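Bear in mind these aren't lab numbers, they're just calculated from the coordinates by the rules spelled out. What you are looking at is a predicted structure, and each value in this text was computed from that prediction instead of being measured. Positions of Cβ are generated from backbone atoms using ideal geometry, with glycine treated the same way; all protein chains shown enter the neighbour counts.
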């Protein structure tokens, strides 16, 4: 049986989805993905002249929200291990010619970011691809790269607690999305994994517990009746 949290498996999955991921992400969230990214970034009030790290940055979908508050002294560092996602992020980078953007094609757990370099850390829709051990490692990595008093905001799609909404949402992810995946890629199995990851993930409550135990000041956040959830917080040591 395949390990769905194995980095090589996840990397291959996102390489395969890269050509249609932006559209499918929008469709799977009923158009809310862009709004959720904006809200995730807004949670920590990024200031000008600061360094922001975008972990599991994908194609740089969060950048237009992050860079709204940038100036000549601002820096953005993106990290992702998917070859195709990084290639598209490099293309997206050209839209922000006045911004200092560095992209690392690296695993988040083996990256080139220096210790305590980041004022802010953002991550959009990457949490569900981690098991508990990896989430603990993620907390440790964010602790390493954040400056003292640095802030972070993380978000992912979630299973709503309302039973009617939960049934409808999971039916949509498990049955409709694979059909759309077949239309876009000719392969329903690839996008079927989004439903599997979401069901296994549940919501960000476990992420909250892990980060709270790791010494952060942390707060749990829900978006649109629990269809997305995340955490935001501060490094206090």
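What the table shows:
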| quantity | calculated |
| --- | --- |
| Mean projection area, nm², convex hull over Cα of the range 84-217 | 10.1 |
| Top of 191, 172, 21 by mean-square fluctuation, Gaussian network on the chain, Cα under 10 Å | 172 |
| Principal-axis tilt of helix 33-42 within the chain, Cα atoms, nearest 10 degrees | 20 |
| Gaussian network model of the chain, Cα within-10 Å springs - most flexible of 96, 125, 201 | 96 |
| Relative packing of 127-137, 102-112, which averages over residues the other C-beta atoms within 10 Å, highest first | 127-137, 102-112 |
| Crossing angle, helix 7-17 versus the chain [Cα axis fit, 0-90 degrees, rounded to tens] | 70 |
| Counting DSSP beta bridges with both ends in the chain, the antiparallel % (nearest 5) | 45 |
| Cα long-axis angle, helix 132-145 against the chain (0 to 90 degrees, to the nearest 10) | 20 |
| Normalised convex hull volume, the range 58-98, alpha-carbon set, Å³ per residue | 57 |
| Sorted largest first, extent of the chain alpha carbons per principal axis (Å) | 46, 38, 32 |
| For the range 1-40 and the range 114-157, distance of Cα centres in Å | 18 |
| Separation of the residue 3 and residue 147 label points, Cα + 7 Å toward Cβ, nm | 3.7 |
| Residue-span extension gain [residue 26 to residue 213] - 0.36 nm each, minus C-alpha spacing | 64.0 nm |
| Simple spin-label estimate for residue 206 and residue 48 in nanometres, 7 Å along Cα-Cβ | 4.3 |
| Helix-only mean residue ellipticity at 222 nm for the chain, each DSSP H run of n ≥ 4 adding -39500 (n - 2.57), per residue, nearest 500 | -12000 deg cm²/dmol |
| Coordinate range along principal axes, alpha carbons of the range 23-71, Å, largest first | 35, 18, 15 |
| Cα-based radius of gyration of the range 1-89 once divided by 2.2 N^0.38 Å, which approximates compact folds | 1.20 |
| Residue list for the range 46-73, given a label point 7 angstrom along the Cα-to-Cβ vector of residue 114 and an amide N cut-off under 11 Å | none |
| Selected from 48, 75, 147 as most flexible by GNM, with the chain as the system and alpha-carbon contacts under 10 Å | 48 |
